[in-house]
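The structure under discussion appears below in the form of structure tokens.
The values are calculated or read from the model by the stated rules, or taken from the named source; none is laboratory data. Note that the structure is predicted; figures quoted are calculated from it, not measured. Methodologically, a virtual Cβ is constructed for each residue, glycine included, from the backbone with ideal geometry; neighbour enumeration extends over all protein chains shown. Heads up: the accessible areas ignore ligands, DNA and RNA and are worked out on the full protein's heavy atoms, side chains in. Shrake-Rupley method; radii C 1.70, N 1.55, O 1.52, S 1.80 Å.
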Amino acid sequence: MLVILYGLSLLQRPPVYLETVAVSAVLVLLFGAGCVRFIPTFLSMLTGEEPHMIREGDRTFRRCGTRELTKLFLIVLAVRLLEFPLTYIVHYALFGFTGTFFEVQRLWLDFYHPETAFPLYGYLSNVFWIITVNFNHARFIGSYLFTALAAVALYYLVQLDFDRRVARRTVRYFLLMPYALTLMGTVPDGLFLLFSVLTLLFLRRNKFPLAALFAFFAVLTHALGALLFFPVVFSYVSYLYGNVRSNRTTEKGFIIRQILNTLSILLIPLGIGLVMLYSRLRFGDAMWLYNLALGRTGEGTATLMNWLDSGFSLVRTVGGNSTAILTGTYLVQLVYMLFALVMFLLACKTIPSSFTLLMAVTIPMIALTGHVSDTARVVTMTAPFVITLAARVKNRIVDTIITILLLAGWLAYFFAFIAGFTGGGL
């Protein structure tokens, strides 16, 4: 089916360059291979059985306490603070003295655009105005704290299924992912990551009303929140089927609990409706925010092949900053796309099937909408990709090599970001 759809897309809108055909074909084949691997895992999910998720490790069952999570929260905050002096040092090395230490930090404060932002991030971050008496600074503090809380939630989520080494590795990889540095800016990504991870966390604990509630908050934070509907629904179907098979339907109050669980899932479409209402009241068009997210407004929106054509056209450009822009935008996004596809291929029988399902619906959304030019951002906000990487690493030497590579990529992207070579990906 994928091959047929790919062939039809080539006939309908033929790419300009042969390189586009070759690269897009490889990406489609990788996604198809991941889908083939996912089918039996998906079926096992529907039957309520995931034998590959048997927990291992001597320390796995030790409860994760408040002290442990608080310590991690403070460590993440401290590590993120290091970006401040590093920002000033790199900026000074590139451009000389152009402002004071705090004036240079405005690089992190100019990314919030009300005309494209979903409502919840703005409202929650503005609460910190009480402390800063400045909305830009309030949104910065909000992003800073939301990202640290998201890292803590990610750690707690991973240690439910794996040992603490994998949980620590996941947080480390996440913080060293090159695009994760932009979570310091005034963007809703950290808040969305927090809500999406909490959704997956309560799905793993079969707390469906709480999972649906945090998915509802994620929907109000970013367009990607709507995709959480799929893992929530299929996790609940799996849970329900498992209860039917084990004859728990006769337990007292079972039917009432399932009615409440089912009704709670309706919070997700309710959130979509509230975003449309907000869009209608603010912009006069109920679909404005979603159309913008899907790339259906304005000129130059990119599906995968259009985007690749633009990149290969830039390769042929001589002079100017074309090479730097090509490296800072197109190359970074393409590397993230390949990373996402490889992780999807490896995710089956490694992480919970509901997590893999989220990856399976996220990748086509990237390739078929305006999000293709924001691949790095979307992959960073979708936790199962980095969880898969951390869970697949078993050897300490491999872990060290990956850490070094990620750190090198982080530093290179940080330099490109400060130099202005990363485009408008935020």
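Here are the numbers:
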| item | result |
| --- | --- |
| Pairwise centroid distance, computed over Cα atoms, of the range 382-424 with the range 169-235, Å | 19 Å |
| Ranked by how many other beta carbons lie within 10 Å on average, peptides 398-409, 207-218, 270-281, 186-197 from highest | 186-197, 207-218, 270-281, 398-409 |
| Accessible area per residue, Å², the range 331-426 with all protein chains present, probe 1.4 Å | 35 Å² |
| Kirkwood Rh in Å, taken over the chain so that all alpha-carbon pairs contribute | 22.8 Å |
| Å² of accessible area per residue within the range 97-246, as computed with a 1.4 Å probe and no ligands counted | 36 Å² |
| Cα→Cβ-extended label distance, 7 Å offset, between Val127 and Cys64, nm | 2.2 nm |
| Relative contact order, percent, the range 115-214 [alpha-carbon distance under 8 Å, six or more residues apart] | 27 percent |
| Phi-based couplings in Hz for the range 125-142 (Karplus 6.51, -1.76, 1.60; Gly and Pro marked x) | 5, 5, 4, 6, 4, 4, 8, 9, 6, 7, 5, 4, 5, 4, 5, 5, 4, x |
| Helix-only CD estimate at 222 nm, as mean residue ellipticity for the chain, using -39500 (n - 2.57) per DSSP H run (n ≥ 4) | -22000 deg cm²/dmol |
| Within the chain: Cβ-based charge dipole about Cα centre, in debye rounded to nearest 20 (Lys, Arg +1; Asp, Glu -1) | 1340 debye |
| Derived scalar couplings ³J(HN,Hα) [the range 32-43; Karplus, 6.51 cos²θ - 1.76 cosθ + 1.60; whole Hz; x for Gly, Pro] | x, 4, x, 5, 4, 5, 7, 4, x, 5, 4, 5 |
| Hz values of 3J(HN,Hα) by residue in the range 331-339 - Karplus curve (6.51, -1.76, 1.60), Gly and Pro given as x | 5, 4, 5, 5, 4, 5, 4, 4, 4 |
| Apportionment of accessible area to carbon and sulfur, the chain, percent (1.4 Å) | 69 percent |
| Highest average packing first - 14-23, 251-260, 386-395, Cβ atoms within 10 Å | 386-395, 14-23, 251-260 |
| Overall dimensions of the range 148-206 by Cα: Rg and Dmax, Å | 11.6, 34 |
| Distance (nanometres) between label positions extended 7 Å along Cα→Cβ at Ser310 and Arg257 | 5.0 nm |
| Highest-MSF residue in the chain out of His222, His371, His137 [GNM, Cα springs under 10 Å] | His137 |
| Contour excess over end-to-end distance, with Cα ends at His113 and Leu43 and 0.36 nm allotted per residue | 21.0 nm |
